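Each remark here refers to the structure printed beneath this line.
The values are calculated or read from the model by the stated rules, or taken from the named source; none is laboratory data. Values in this document were obtained by computation on a predicted structure and should not be read as measured data. Cβ atoms come from the backbone with ideal geometry, glycine included; neighbour counts cover every protein chain shown. We work out accessible area using only protein heavy atoms, side chains counted, and drop any ligands, DNA or RNA first. Shrake-Rupley method; radii C 1.70, N 1.55, O 1.52, S 1.80 Å.
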Amino acid sequence: MITLHNLQKQFSGKILFKDVSLQIGVRDRIGLIGPNGSGKTTLIRIILREEPIDGGEILIAKGVRFGYLPQEVIPLKGNTVLGEVLKGAENIISLEDKMKILEEEFSSIQDPKEQEKLAKEYGRLQERYAILGGYGLEAEAKQILKGLGFKERDFSRRTEELSGGWLMRVALGKILLQSPDLLLLDEPTNYLDLSSLIWLEEFLIHYPGAMIIISHDRVFLNHLVNRIAEIENEQLHLYSGNYDFYMKEKASRREILEATFKAQQRKIEQIERFIERFRAKNTKSRQVQSRIKMLQKMERIELPKEEKTIHFQFPSPKRSGHKVIEVKNLHKRYGDTVVYQGIDLILYRGDKVALVGPNGAGKSTLLKILAGVLEFEEGEVILGKEVTRAYFAQHQFDLLNPENTVYEELLGVATDESQTELRTLLGTFLFRGEEIEKKVSVLSGGEKSRLILAKMLLKPANFLLLDEPTSHLDIPSRNVLEEALKQFPGTLCFITHDRHLINEVANKVMEIENGRLHLYPGNYDYYLYKKQQVLAPEKGVSEPPPQKKGTKSLLKEQRRRRAQEMDQFRRQLSSLQKRFDEVEASLEEATRRLDHLNQRLSDPNLYLNQKETYETIEAQKQTKEQVRQLTQLWEFLALELEEMKLLRPSFTNEN
Ligand SMILES: Nc1ncnc2c1ncn2[C@@H]1O[C@H](COP(=O)(O)OP(=O)(O)OP(=O)(O)O)[C@@H](O)[C@H]1O
Ligand SMILES: [Mg+2]
């Protein structure tokens, strides 16, 4: 369908890639990966012919339709949410318009002959409309929108009212409805929450066309793609499998490369020693000459350069008071939509709180209010002693001035820092040398995120409020940010759809649902665990007050519910126990296998047979990994089982 041949691209002298070749077939699902700034977005824009190339060729079959979701928010105006998405299916909509015109004409015409002509024409249009799926179009559009997290009542909202993340969802919905031959999605998961992400995954799994997806989400890629194309060291490397396959294959390619590299290095040293030794001897001059030639002709194997990753630590800020922030009786609404009606909250120094909750529950709203950047109607927000705040907004690229250079952008928030200090900070975020003179407008998504983080770091605050801080960052940079957040000695409140990040960083999880807050003192696993738990409802909190019913029927009702809960609890316990037993059995089995393999490997006779040696080593490696994973799982399940059993007495006591 599409062929890229020896593409070359550079920006002001800096080579992005040379010799990029790629075939895209009608059913290909390609994951395009690579570090921030390696040229992923640029490659997609090249395919769309929005970006010129410096060499090579692009061949695109006639009539191929593209659907492109850019990495950054595109403003939309003058339509409702549903209207905008329907606009995607332009050919159907124009048919609809034509049909409407005919209908109007029809009623104004008297001549039966003319009427007949029109009716025929109308019939033809109708038929085509049906073939194209016109009648189901609106229903399909609505379904897509719902999958992406919109509620029925949002369909008629104006796109001007929507925040960046929701605009991206509209754009995505529009593309999915068009059902193009090739989907080009540049980091589509950045703007989705967990449930929409899972919906999108499901939708794309069944998608009939081809797709190129840029993503740093390995789970997402694993589920969706059958090829990986990685831009690394100015080249495009292809792998015929999903992300896990790519990881394995890459490691083994690297191993082979290193081995051949070492062999070649040894050879080179040998030759050089020879030359060195006999250079002065006339008798050997022919051999010396031939070896010098040999060296010159030798094609040198090069190891890939280590990729640069950001490295930073949040500077230790001044210590704040014990109580960091207190919210009293907060009321917040947007127009008619009530988000909060009297919530209370206190955060203390050292709290690292992850805000979770469904779409549109008001996570970003609360974070903004805590950050002091959003007004509210009623209530109080009291900042603790010596508390300083820094806020990282979601999709906030528009806060950067595109006309500024990277350096100027940082300078804008600097007070008394020296030029060297600013340069060092930018260097930490991988803006090196001339790169700090780059205009903001040309930065890649990840580069912009890094610049924003750098700006935030310049003024060390002790209370950080971060809305999706890992969006756009590549995997190594995410790990660095994660580490820095873990080490951060201050207070933290953050929103993310990265479950891994919550687990690693959060010591509290705050769930927001239906305008209520619920604080869980633990990480994400703990939160999930507590949610699943069928503990008796906490007294006085979620128990509905017994007002209307009589005491007797209430007691009966309570007993019935307890029995039901007890029953459910028992079932959960037994299924957990069963899983635990299974895992334990597999672990024992794997351990036995490993012992056996180890024994085989200690037998010198084995090494007489090369094939068998290789296979045994391979099997031992795999089994070892299996044992490691099973042990982890076993430990986890054992703990869980223990905790669950501990809970039972309190549960039955209450009965
Ligand atoms: N018009 C331009 N002029 C100069 N440099 C540019 C221009 N456009 C892009 N670049 C640079 O080219 C590099 C590649 O950009 P690109 O947006 O393709 O990266 P990417 O792989 O998509 O990165 P990310 O993962 O951060 O989105 C970046 O360093 C960027 O700053
Ligand atoms: Mg990009």
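Points to keep in mind about this one:
- W199/K624 FRET efficiency (R0 35 Å; Cβ-Cβ; nearest 0.05): 0.40
- Around the amide H of L466, modelled in the peptide plane, lie the amide H atoms of F392, C493, F494, I495, all under 5 Å away and 5 or more residues distant in sequence or on another chain.
- Net lengthening on full extension, R333/Q558 (0.36 nm per residue, minus Cα-Cα): 77.4 nm
- At R0 = 51 Å, FRET efficiency that the Cβ-Cβ distance of E276 and E584 yields, to 0.05: 0.20
- The DSSP beta bridges internal to the chain are antiparallel in roughly 55% of cases.
- Estimated vicinal HN-Hα couplings, Hz - the stretch 494-504 in sequence order (Karplus 6.51, -1.76, 1.60; Gly, Pro = x): 9, 10, 7, 9, 8, 5, 4, 4, 4, 4, 6
- For V324, nonlocal amide neighbours, meaning residues 5 or more places apart or on other chains whose placed amide H falls under 5 Å from its own, are L347, Y348, R349.
- The stretch 558-653 - percent of accessible surface contributed by carbon and sulfur, probe 1.4 Å: 52 percent
- Distances between placed amide hydrogens fall under 5 Å for L236 paired with S21, all partners being 5 or more residues away or on another chain.
- Full-stretch length increase - R571, K297 - with 0.36 nm per residue and alpha-carbon distance subtracted: 91.4 nm
- For the stretch 558-653, accessible area per residue (1.4 Å probe, heavy atoms of protein chains only), Å²: 72 Å²
- Ranked by the mean number of other Cβ atoms within 10 Å of their residues, highest first, the peptides 55-68, 472-485 fall in the order 472-485, 55-68.
- Entries in K62/K438; K323/K455; K262/K621 that, when Cα-Cα distance is taken, lie over 31 Å: K62/K438
- Computed FRET value (nearest 0.05) for Q289 with E258, which takes r as the C-beta separation and R₀ as 45 Å: 0.90
- Computed over the stretch 233-345: relative contact order in percent, which uses C-alpha pairs under 8 Å that are six or more apart: 17 percent
- Relative to the current alpha-carbon distance between E635 and T80, full extension at 0.36 nm per residue lengthens the span by 194.6 nm.
- Cα-projected label distance for A61 with H5, points at 7 Å along beta-carbon direction, nm: 1.7 nm
- Karplus-derived HN-Hα couplings along the stretch 203-214 (A = 6.51, B = -1.76, C = 1.60, θ = phi - 60°), whole Hz, x at Gly and Pro: 4, 6, 4, 8, 5, x, x, 8, 8, 10, 10, 8
- The residues R499, R286, R600, sorted by heavy-atom accessible surface at 1.4 Å with ligands and nucleic acids left out, run R286, R499, R600 from largest to smallest.
- Candidates per chymotrypsin sites (Phe, Trp or Tyr not before Pro) in the stretch 351-440, loop by DSSP, up to 16 other Cβ within 10 Å: none
- Residue-by-residue Karplus 3J(HN,Hα) for the stretch 230-245, coefficients 6.51, -1.76, 1.60, Hz, glycine and proline x: 10, 8, 8, 6, 6, 9, 10, 9, 10, 9, 9, x, 8, 5, 4, 4
- Dipole of the chain, positive direction: furthest Cα of L137, L458, N404, with charges on the beta-carbon: L458
- Rounded to the nearest 20, the Cβ-based charge dipole of the chain about its Cα centre (Lys and Arg +1, Asp and Glu -1) stands at 1700 debye.
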